[in-house]
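The values are calculated or read from the model by the stated rules, or taken from the named source; none is laboratory data. Note that the coordinates shown come from a computational prediction; the quantities given were computed from them, not determined experimentally. Cβ placement follows ideal geometry from the backbone for every residue including glycine, while neighbour counts extend to all protein chains displayed. These accessible areas exclude ligands, DNA and RNA; they are computed on the full protein's heavy atoms, side chains included. Shrake-Rupley method; radii C 1.70, N 1.55, O 1.52, S 1.80 Å.
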Amino acid sequence: MKILVLGGAGYIGSHTVSELIDAGDEVVIADNLETGHIEAVHSQAAFYQGDIRDRAFVDSVFEKEKIDGVIHFAANSLVGESMKNPLKYYDNNLYGTKVLLESMVAHGVDKIVFSSTAATYGEPESIPILESDRTEPTNPYGETKLSMEKMMKWTGVAHGLRYVALRYFNACGAHVNGHIGEAHNPETHLIPLILQVPNGQRKAISIYGDDYDTKDGTCVRDYIHVTDLAQAHILAMKYLMEGNESNVFNLGNGIGFTVKEVIETARKVTGHPIPAEITPRRGGDPAKLIASSDKAKKILGWNPQHADLEEIIRTAWNWHKNHPNGYAQ
Ligand code: UDP
């Protein structure tokens, strides 16, 4: 199969490309390299640099390559940034997806797997979160991802396109080979920020609030290894190739860890004391997000292989200690 991976130079995109190539698929990457890294582009993939909002660019890729299915990661994904600059998210995430879908319909490409998010739920009505639960995003990032899901649904009704939306919980870790990993600038995610302390780039980690209604007062999240996420995309594409209907799946381990527990595990993995300080809450953070991924396990046959938090942090540390400045070195 020949798979077009949009955003294949980014964090989850590059790990998915690696798994696709290991599985024997042909991969074409398109990425504007705004947040992706040329160094993360797999040497065995064809690469086109361009933007999904550019219809002529997207058309040219479908005209040059005979694409069987699309995996779509090309989006902005920071909650805080989306609160400050919502229209950036409507432009890239929604308008970009609109252009992509128009081009797919025009070229007869009718299968797409794409990154959605736990942020589509907003404040959960119950834990663990089911796909059928209420979706009421509390920020423009989650709102645009939910709208992307709906755009695919109605495009499907009109044009026969089928999609799988994968609602990720907290993506983390790095490839076990140590060649690709997480590299955001600026970094906002908990695990890479914690690891900046033993890397000598930060004196202490801030804990954003310890007065939540959780076992130690800090927020609870469901941390899922990036390679397990990558595998889910391959299974979702197979599911569509087999003729199944459009669907939505949560991807998490179903286990919640508090911020303090994550820091404690990082201390164990790195052997560094990692000082922590309590700072005020960050706006828009729900107290507890834990996935039920039973649906993905049952329907896709998904079976996460790196569920242990210590192992997840070990893979992240292996990447960050050898790439303290990400790909820029
Ligand atoms: N967090 C924190 N300190 C940091 C960064 C994050 O306490 O320096 C907390 C954040 O409030 C959340 C959890 O860690 O409860 C995970 O945050 P992250 O940004 O990694 O992912 P999110 O859950 O926002 O997608």
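Quick look at the values:
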| quantity | calculated |
| --- | --- |
| Backbone HN-Hα couplings from phi across the stretch 64-81 [Karplus 6.51/-1.76/1.60, Hz, Gly and Pro as x] | 7, 10, 8, 8, 8, x, 10, 10, 10, 10, 6, 7, 8, 9, 10, 4, x, 4 |
| Farthest toward positive dipole pole in the stretch 167-265 [+1 Lys/Arg, -1 Asp/Glu at C-beta], among Gly254, His225, Gln201 | Gln201 |
| As computed over the stretch 1-121, the Cα convex hull volume per residue (Å³) | 104 |
| Placed amide H near Arg53: partners under 5 Å, 5+ positions off or other chain | none |
| Probe 1.4 Å, protein heavy atoms only - accessible area per residue of the chain in square angstrom | 42 |
| The stretch 170-284 - percent of accessible surface contributed by carbon and sulfur, probe 1.4 Å | 49 |
| Using θ = phi - 60° and Karplus 6.51 cos²θ - 1.76 cosθ + 1.60, couplings along the stretch 85-100 (whole Hz; Gly, Pro as x) | 9, x, 5, 4, 6, 5, 5, 6, 6, 8, 4, x, 5, 4, 4, 4 |
| Charge sum, other residues only, whose C-beta stays under 14 Å from Tyr90's C-beta, Lys/Arg counted +1 and Asp/Glu -1 | +3 |
| DSSP beta bridges in the stretch 168-324 [antiparallel fraction, %, rounded to 5] | 20 |
| Calculated diffusion of the stretch 37-85, Stokes-Einstein form, Kirkwood radius summed over Cα pairs, 20 °C and 1.002 mPa s, µm²/s | 161 |
| Local electrostatic count at Glu311 - Lys and Arg +1, Asp and Glu -1, tallied over other residues with Cβ under 14 Å | -1 |
| Debye intensity ratio I(q)/I(0), log10, the stretch 200-329, q values 0.13 Å⁻¹ (C-alpha model) | -0.69 |
| Value of Rg to Rh for the stretch 53-191 (Rh from inverse mean 1/r over Cα pairs, i.e. Kirkwood) | 0.98 |
| Nonlocal amide H pairs with Arg167, under 5 Å, H built at 1.01 Å | Ser116, Phe249, Asn250, Leu251 |
| Choice from Pro137, Pro275, Pro186 with maximal GNM fluctuation in the chain (Cα, 10 Å cutoff) | Pro186 |
| DSSP beta bridges in the chain [antiparallel fraction, %, rounded to 5] | 5 |
| The chain - Rg and Dmax from Cα coordinates, angstrom | 19.0, 57 |
| Per-residue HN-Hα couplings for the stretch 118-135 [Karplus 6.51, -1.76, 1.60; θ = phi - 60°; Hz; x = Gly/Pro] | 4, 5, 5, 7, x, 6, x, 7, 7, 10, x, 7, 9, 4, 7, 5, 4, 10 |
| Distance between the stretch 261-282 and the stretch 299-317 - C-alpha centres, whole angstrom | 20 |
| Simple Cβ-charge dipole of the stretch 89-154, Lys/Arg +1 and Asp/Glu -1, about Cα centre, in debye nearest 20 | 240 |
| Straight-distance crosslink candidates among aspartates and glutamates, where the alpha carbon sits under 18 Å from Lys203 and sequence neighbours closer than 8 are dropped | Glu187, Glu264, Glu277 |
| Hits among lysines - C-alpha to C-alpha of Lys295 under 24 Å, sequence gap 8 or more where chains match | Lys111, Lys145, Lys150, Lys153, Lys238 |
| Rg/Rh ratio calculated on Cα atoms of the stretch 172-237 (Kirkwood radius) | 1.05 |
| Relative contact order computed over the stretch 184-318 (Cα-Cα under 8 Å; 6+ residues apart), in percent | 37 |
| Diffusion coefficient, µm² s⁻¹, Stokes-Einstein with Kirkwood Rh over alpha-carbon pairs of the stretch 118-172 at 10 °C and 1.306 mPa s | 131 |
| Between 0 and 90°, nearest 10: helix 140-159 axis offset from the chain longest Cα axis | 20 |
| Dipole magnitude of the chain about its Cα centre (Cβ charges: Lys, Arg +1; Asp, Glu -1), debye to nearest 20 | 180 |
